[in-house]
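The values are calculated or read from the model by the stated rules, or taken from the named source; none is laboratory data. Only a predicted model underlies this, so the values are computations on that prediction, with no experimental measurement involved. Quick reminder, even Gly has a Cβ in these numbers, built from the backbone with ideal geometry, and neighbours come from all protein chains shown.
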């Protein structure tokens, strides 16, 4: 994801995002990568070390979402999934 998308998704200031990315980079969790097509764009990529906690939390996170959506009927689940997909696409 780009640093700008990370900023939009996190709802904090640009300075706060820079500090967080700096700290994650110092812990070898992410790395900054220049975009191949636009040198003004910097992408934030998880390192192998950064993926470990994500992989561990993903199943737990998905279980939580499944429990939250359980009371909804299939049509409502589809509407919710489409709305969330639209939001995520706008953050990219």
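Just to be sure I understand, how many residues within the range 18-38 are in a helix (DSSP H, G or I) and in contact with a strand residue (DSSP E or B) (Cβ under 9 Å, 6 or more places away or on another chain)? The number of residues fulfilling the criteria is 3. When we screen 24, 62 for residues that are modelled with pLDDT under 90 and within 16 Å of the chain's Cα centre (by Cα), the only hit is 62.
Taking the criterion of being within 18 Å of residue 9 (Cα to Cα), part of a helix (DSSP H, G or I) and either out of contact with any strand residue (DSSP E or B) (no Cβ under 6 Å at 6 or more places or on another chain) or in contact (Cβ under 8 Å) with a residue 24 or more places away in the chain (or both), would at least one residue in the range 39-57 satisfy it? There is at least one residue in the range 39-57 that is within 18 Å of residue 9 (Cα to Cα), part of a helix (DSSP H, G or I) and either out of contact with any strand residue (DSSP E or B) (no Cβ under 6 Å at 6 or more places or on another chain) or in contact (Cβ under 8 Å) with a residue 24 or more places away in the chain (or both). In the range 1-21, the qualifying residues are those that are touching a helix residue (DSSP H, G or I) at 6+ places or on another chain (Cβ under 9 Å) and at pLDDT 85 or above, and the one that is surrounded by the fewest Cβ atoms within 10 Å (Cβ to Cβ) is 18. Somewhere in the range 74-86, is a residue within 16 Å of the chain's Cα centre (by Cα), in a helix (DSSP H, G or I), loosely packed, with under 11 Cβ neighbours inside 10 Å and without any contact (Cβ under 8 Å) to a residue 60 or more places away in the chain? The answer is yes, given that some residue of the range 74-86 is within 16 Å of the chain's Cα centre (by Cα), in a helix (DSSP H, G or I), loosely packed, with under 11 Cβ neighbours inside 10 Å and without any contact (Cβ under 8 Å) to a residue 60 or more places away in the chain. The residues of the range 58-73 that are in contact with a helix residue (DSSP H, G or I) (Cβ under 8 Å, 6 or more places away or on another chain) and not in a helix (DSSP H, G or I) amount to a single one, 72.
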